[in-house]
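Here is the structure we will look at, set down as structure tokens.
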């Protein structure tokens, strides 16, 4: 189990990383990749759909302002051994939120290596691939503008 | 006073049944799926997300389908839906400096750190109808190039280094939220930016254009326009720390505007800011120009009486749902109100002896 009191920051960063991966995955991926995980848990909070107000900053770096909302689905569950998992995913997708909370819980148990290999590693590979493909297309549109100088010998 | 009417249920049901049929159109033509709208009418989806003030491409696409492509009606559906959602919280302010830029251009500097990236743009197209699109056609893959890992700093960041442009120092004041409290004046900049980012694109464009034509001209250059995905982080109380809850594509525009010095400060460029959901370039530039015009007071400029300087005028008329709600309600039955108007005008005419005049004319 993660112990936030002693080894907090490092564990926190690791957990933040996997929760982010689960939140950003395309619809259906988390549920599909975690289909074979054991589903023995009790709900602490059944999946619910809601909104989060996204904020920006004036001038990119200044005072915050409310930009608009995004849809989010969240839930919390508890494994038989008492481990608690939270799922927060973008959009309206209860099955993915459930799977995300399950993965979050199992990642804090001895099953973490198996869960990482089954769910997190493929998600990471897919996300890296998606991002690299768009970055490569953007790079191909990088432009050099030249100003035309008049009157040079 | 508006007095309601009763009745007409059957006619209303039939009208809605016909609406559904017309929405579907000719059944020998394949039906449009929500996924097709999301993937192929992306900029319409982006506009509905921006003005509906809810980032959810699937819902925006559904709204467009339901509204038969009437984007203001689609925005209305999204605004109505969002009121049904519980609010989980507020995100940390997004860091646009860390945006994965798919487009990033500057009209003021040709050589800038991170380079100019055109991205998937209509710029430099010839605006000729492409009849190939009317036929089914395979699209060739877009060319790729190895991306360079360099940082893509905001243009204002390196202008700041020379002190040539006003700074936007970070602060963490909790901003007002017009979805929670009614919009009241005077409106601080945070409230104006919230209202502008969800304001009607056409209204914002018209106002921005008016400043360019001389109604509170502010000599704007697009210092930087960037489009791409940013991470959204939120503090989750049950965890005790912030996690990423997703990512949104945003369009950010920073304008570099003409300067004015004062007795205490040397001349400096000033700034306008636009940040909008989705790839929403025209809206983002318009927002930045109008934001800059509305800042006249804090920048000690003259109020020349231009519409774009009038906070009340801009903020109270930019919301297309408020506007269309009030505008369109006048087509609904007003029989009782109108009856009283009729009686009034008959009375006034009697008093003016108009009936006698009319009789005399016959």
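The values are calculated or read from the model by the stated rules, or taken from the named source; none is laboratory data. Everything quoted here is computed from the prediction, not taken from an experiment. Cβ: placed from backbone, ideal geometry, glycine included. Neighbour counts: every protein chain shown.
The listed residues are B:142, B:107, and the only one of them that is over 25 Å from the mean Cα position of the chain (by Cα), modelled with pLDDT of 85 or more and within 22 Å of residue A:144 (Cβ to Cβ) turns out to be B:142.
Filtering segment B:126-150 to residues that are over 17 Å from residue B:102 (Cβ atoms) and part of a loop (DSSP other than H, G, I, E, B) leaves B:126, B:127, B:128, B:129, B:130, B:135, B:136, B:137, B:138, B:139, B:140.
Taking segment B:151-205 only, how many residues are part of a helix (DSSP H, G or I) and out of contact with any helix residue (DSSP H, G or I) (no Cβ under 9 Å at 6 or more places or on another chain)?
Adding up the residues that qualify gives 6.
The set of residues from segment B:58-87 being touching a strand residue (DSSP E or B) at 6+ places or on another chain (Cβ under 9 Å) and buried (at least 19 other Cβ atoms within 10 Å of the Cβ) comprises B:59, B:60, B:78, B:79, B:82. Within segment A:49-104, the residues that satisfy the criterion of being facing chain B (nearest Cβ under 7 Å) and at positive phi are A:59, A:60, A:68, A:91. The set of residues from segment B:237-263 being touching a residue at least 40 places away in the same chain (Cβ under 8 Å), within 9 Å of another protein chain (Cβ to nearest Cβ) and surrounded by fewer than 24 Cβ atoms within 10 Å (Cβ to Cβ) comprises B:242, B:248. Answer yes if at least one residue in segment A:24-41 is within 18 Å of residue B:235 (Cα to Cα), at pLDDT 95 or above and in contact with a strand residue (DSSP E or B) (Cβ under 9 Å, 6 or more places away or on another chain), and no otherwise. Yes. Can you say whether residue B:119 is in a loop (DSSP other than H, G, I, E, B) and over 21 Å from the mean Cα position of the chain (by Cα), as far as the supplied structure shows? Yes: the conditions hold for residue B:119. Note on segment A:55-153: enclosed helices (runs of 4 or more DSSP H) holding 2 or more residues that are surrounded by fewer than 18 Cβ atoms within 10 Å (Cβ to Cβ) and without any contact (Cβ under 8 Å) to a residue 60 or more places away in the chain are A:112-115, A:121-139.
The criterion of at least 2 residues that are closer than 24 Å to residue B:252 by Cβ and in contact (Cβ under 8 Å) with a residue 12 or more places away in the chain is met by the following helices (runs of 4 or more DSSP H) wholly inside segment B:1-79: B:42-52, B:57-66. Please specify each residue of segment B:307-331 satisfying the condition of being outside any helix (DSSP H, G or I) and at pLDDT 95 or above. B:310, B:318, B:319, listed by residue number.
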